[in-house]
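The values are calculated or read from the model by the stated rules, or taken from the named source; none is laboratory data. What you see is a predicted model; the values in this text were computed from it and never measured. Every residue, glycine among them, receives a Cβ derived from its backbone with ideal geometry; neighbour counts consider all protein chains shown. These area figures cover heavy atoms from the full protein model, side chains too; ligands, DNA and RNA do not enter into them. Shrake-Rupley method; radii C 1.70, N 1.55, O 1.52, S 1.80 Å.
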Amino acid sequence: MSVRGKHIVIGICGSIAAYKITSLVRLLVKAEASIQVILSPDAKEFVTPLTLATVSKNPVLSDYFDRSNGVWNNHVELGISADLMLIAPATANSLSKMANGACDNLLLATYLSAKCPVFFAPAMDLDMWQHPATQRNVSILESYGNKMIAPNSGELASGLIGPGRLAEPDELFEFISDFFNEERPLKGKKALVSAGPTHEAIDPVRFIGNHSSGKMGFAIAEALHSLGAEVTLVSGPTTLPTPPGITRKDVTSAQQMLEACNQFFDNADIIVMSAAVADYTPVETSDQKIKKKEETFQIRLKKTVDILASLGNRKTTGQTLIGFALETNNELENALDKLNRKNLDYIVLNSMQDEGAGFSGDTNKVTILDKNKRVQKFELKSKKEVASDIATIILQHQKAINA
Ligand code: CTP
């Protein structure tokens with residue numbers, strides 16, 4: 001794959017480095033990409049719409065409205081139809097607005113509605129770049145799944161020397177073409193991932209829940225998507241944003257999670273059940289708020305359906321099915337037993353005894369067991385890295401069963 005035929009939106013912000021984008025656009029157009037340039041209002045001070053319209057062979061957009069022709073520039077469509085959006089140069093001001101969801105120009109509105117991968121290439125003065133506010137905004141954008149093309153170190157427009165220079169046009173071009181060249185080994189595969197807790201209603205204001213943040217499952221969904229899989233993420237109540245390019249189905253209770261998983265299971269090649277599903281749910285849910293009358297109060301609970309086990313019963317040979325186990329004692333033995341009982345290909349064991357592993361943090365330490373009792377122990381890592389290890393194992397399994 002190359003950039004040929006790819007539709008790339010390039011957002012240019014108001015920085016002296018904007019002139020470099022003219023060369024980038026030329027390189028991309030030469031490689032037969034189709035380019036739509038959007039200028040922030042200040043960018044027009046540094047580079048002219050006419051120059052960019054000429055090199056991109058496409059009218060340049062900047063305003064929500066083209067008043068003279070009575071045309072509205074539909075940012076939603078721009079963001080949806082693109083294969084990639086690059087914001088370069090990305091100024092401190094625009095990074096801040098992007099991180100916070102501000103939307104006071106067409107470029108930012110397009111960024112907010114972009115469904116495609118987004119790259120941003122910062123350019124600014126040394127001190128602005130190093131300020132904690134800018135660094136925090138960059139981290140926020142990376143947590144949204146946006147990819148940074150890091151600034152270079154060198155002489156800056158102010159005369160200062162240090163990091164803050166926009167990457168050169170050929171570097172930006174290489175980054176973009178590498179992205180499209182990247183192998184997508186799970187392309188054409190469908191994945192179903194469950195994540196987060198479930199909430200089992202007691203009455204209209206109370207529920208039984210757990211501390212699962214959903215971070216592990218969301219990271220797995222992202223890792224599978226980045227390998228090219230088409231991912232459906234069935235999520236219990238979490239505050240996490242949906243990773244770009246992933247279809248999300250929100251559910252609340254174990255029963256709703258079961259129904260959603262049943263709906264997507266048959267078409268899925270890869271199924272990862274990382275949700276912390278409630279094992280029990282109240283026998284009755286009061287439709288009125290329960291008043292405090294008695295000294296002691298009992299709630300009768302009944303078992304929920306074990307979603308993973310029920311999917312394990314229906315599993316076919318082309319499918320990779322992965323479950324999770326959280327154990328406090330006899331860890332390996334219990335996890336292997338779970339793997340066999342639920343007819344899984346792999347089980348990811350989280351140990352409660354390891355510091356840094358578990359529900360709400362950003363790190364995890366896992367051991368992955370397979371049907372042949374092979375045990376792979378991993379170090380304490382970020383959940384994103386753990387997700388990537390799990391995705392690699394899934395890829396190997398899919399390759400083996402489709403060989
Ligand atoms: N799971 C599920 N549906 C449930 C309960 C659990 O799909 N109703 C899945 C989880 O998503 C996880 C795995 O089963 O992948 C492990 O769940 P866990 O609760 O640890 O195991 P159990 O089999 O319920 O055993 P126990 O609670 O006795 O440890």
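Going by average Cβ density within 10 Å per residue, which order do the peptides 90-97, 127-134, 7-14 take, highest to lowest?
Values: 90-97: 22.8, 127-134: 14.8, 7-14: 25.8.
Per-residue mean Cβ counts within 10 Å order the peptides as 7-14, 90-97, 127-134.
Using only alpha carbon pairs under 8 Å that are at least six residues apart, calculate the relative contact order of the chain and give it in whole percent.
Details: 860 pairs, mean separation 43.8, N = 403.
RCO, the chain: 11 percent.
Which ³J(HN,Hα) values in Hz, rounded to whole numbers, follow from the phi angles of the stretch 30-43 under the Karplus curve 6.51 cos²θ - 1.76 cosθ + 1.60, where θ = phi - 60° and Gly and Pro get x?
4, 8, 6, 7, 9, 10, 10, 8, 10, 9, 6, x, 6, 4
Could you tell me the relative contact order of the stretch 227-299? Use alpha-carbon pairs under 8 Å, at least six residues apart, and round to a whole percent.
Working: 43 pairs, mean separation 17.2, N = 73.
Taking the mean separation of contacting Cα pairs over the length of the stretch 227-299, I get 24 percent.
Can you list the equivalent-ellipsoid semi-axes of the stretch 332-403, largest first and in whole Å, using the square root of 5 times each Cα gyration tensor eigenvalue? Mind dumping the intermediate values first?
On the way: eigenvalues 93, 52, 15 Å².
After diagonalising the Cα gyration tensor, the semi-axes are 22, 16, 9 Å.
Evaluate the charge dipole of the stretch 1-66 about its Cα centre and quote only its size in Debye, nearest 20, assuming +1 on the Cβ of each Lys and Arg and -1 on the Cβ of each Asp and Glu. Present the calculation step by step, with values, prior to reporting the outcome.
Values: 7 positive and 5 negative charges, 83 e Å.
The calculation lands at about 400 debye.
Convert 4 °C to kelvin, take the viscosity as 1.567 mPa s, use the Kirkwood radius over C-alpha pairs of the stretch 107-151 as Rh, and evaluate the Stokes-Einstein diffusion coefficient in µm²/s, rounded to a whole number.
Translational diffusion coefficient: 114 µm²/s.
Work the Kirkwood hydrodynamic radius out for the stretch 8-50: mean of 1/r over every pair of different alpha-carbon atoms, inverted, in Å.
On the way: mean 1/r = 0.0953 Å⁻¹.
Taking every pair of different Cα atoms in the stretch 8-50, averaging 1/r and inverting gives 10.5 Å.
When the accessible area of the stretch 1-148 is computed with all protein chains present and a 1.4 Å probe, what percentage of it is carbon and sulfur? Mind dumping the intermediate values first?
Working: 3670 of 6760 Å².
Ligands and nucleic acids excluded, carbon and sulfur give 54 percent.
For the stretch 159-296, what is the largest minus smallest coordinate of the Cα atoms on each principal axis, given in angstrom and ordered from greatest to least?
Principal extents (largest minus smallest coordinate, Cα): 74, 47, 18 Å.
Would you mind calculating the gained length between Asn334 and Thr316 on full extension (0.36 nm times residue separation, minus the Cα-Cα distance), in nm to one decimal? Could the numbers behind the result be given before it?
Values: separation 18, 0.36 × 18 = 6.48 nm, distance 2.44 nm.
Gain on extension, Asn334 to Thr316, equals 4.0 nm.
In the chain, which longest range has no GluC sites (Glu not before Pro) that are both DSSP loop (not H, G, I, E or B) and surrounded by at most 14 other Cβ atoms within 10 Å? Provide the component values of the computation, followed by the final result.
Working: sites that count: Glu32, Glu182, Glu183, Glu284, Glu294, Glu295, Glu355, Glu379.
Free of exposed loop sites, the longest segment is 33-181.
Grab the eigenvalues of the alpha-carbon gyration tensor for the stretch 73-174, scale each by 5, take roots, and send me the semi-axes largest first in whole angstrom. Please list the in-between numbers first.
On the way: eigenvalues 116, 45, 26 Å².
Equivalent ellipsoid of the stretch 73-174: 24, 15, 11 Å, largest first.
Mind listing the phi-derived Karplus ³J(HN,Hα) values for the stretch 227-237, rounded to whole Hz, using 6.51, -1.76 and 1.60 with θ = phi - 60°, and x for any glycine or proline?
8, x, 6, 8, 10, 10, 10, 9, 10, x, x
Given that compact globular proteins tend to follow 2.2 N^0.38 Å, what is the ratio of the alpha-carbon Rg of the stretch 12-87 to that value?
Values: Rg = 12.3 Å, N = 76, 2.2 N^0.38 = 11.4 Å.
In units of the globular-protein estimate, the stretch 12-87 measures up at 1.08.
Which of His131, Gly145, Phe120 sits farthest toward the positive end of the charge dipole of the stretch 94-196, with +1 on the Cβ of Lys and Arg and -1 on the Cβ of Asp and Glu?
The Cα lying farthest towards the positive end belongs to Gly145.
P(r) of the stretch 1-130 in 5 Å steps, Cα pairs, percent per bin?
2, 11, 22, 25, 22, 12, 5, 1, 0
Check Thr320: other-chain or 5+ apart residues with amide H under 5 Å from its amide H, H built from backbone geometry?
Ile270, Ile271
Considering the chain as a Gaussian network with a 10 Å cut-off on Cα pairs, which listed residue, Cys116, Cys261, Cys103, attains the greatest mean-square fluctuation?
Residue with maximal mean-square fluctuation among Cys116, Cys261, Cys103: Cys103.
Rounded to the nearest 20 debye, what is the charge dipole size of the chain about its Cα centre when +1 sits on each Lys and Arg Cβ and -1 on each Asp and Glu Cβ? Show your work: numbers first, answer last.
Details: 42 positive and 45 negative charges, 177 e Å.
Dipole of the chain, to the nearest 20 debye: 860 debye.
By how many nm would the segment from Asn343 to Ala53 grow when fully extended, if each residue of separation counts as 0.36 nm and the alpha-carbon distance is taken off? Walk me through the numbers before you get to the answer.
On the way: separation 290, 0.36 × 290 = 104.40 nm, distance 5.83 nm.
Between Asn343 and Ala53, full extension yields 98.6 nm more.
Output the 0 to 90 degree angle, nearest 10, between the alpha-carbon long axis of helix 132-143 and the longest principal axis computed from the alpha carbons of the chain.
Its long axis makes an angle of about 60 degrees.
Putting +1 on Lys and Arg Cβ atoms and -1 on Asp and Glu Cβ atoms, find which of Thr198, Ala157, Ile176 reaches farthest to the positive end of the dipole of the chain.
Thr198
Taking only Cα atoms of the chain, what ratio of Rg to Rh do you get with Rh as the Kirkwood inverse-distance radius? Walk me through the numbers before you get to the answer.
On the way: Rg = 24.7 Å, Rh = 23.6 Å.
We get a ratio of 1.05 for the chain.
Would you mind checking the tilt of helix 383-401 against the longest principal axis of the Cα atoms of the chain, expressed as 0 to 90 degrees and rounded to 10?
Roughly 80 degrees between the two axes.
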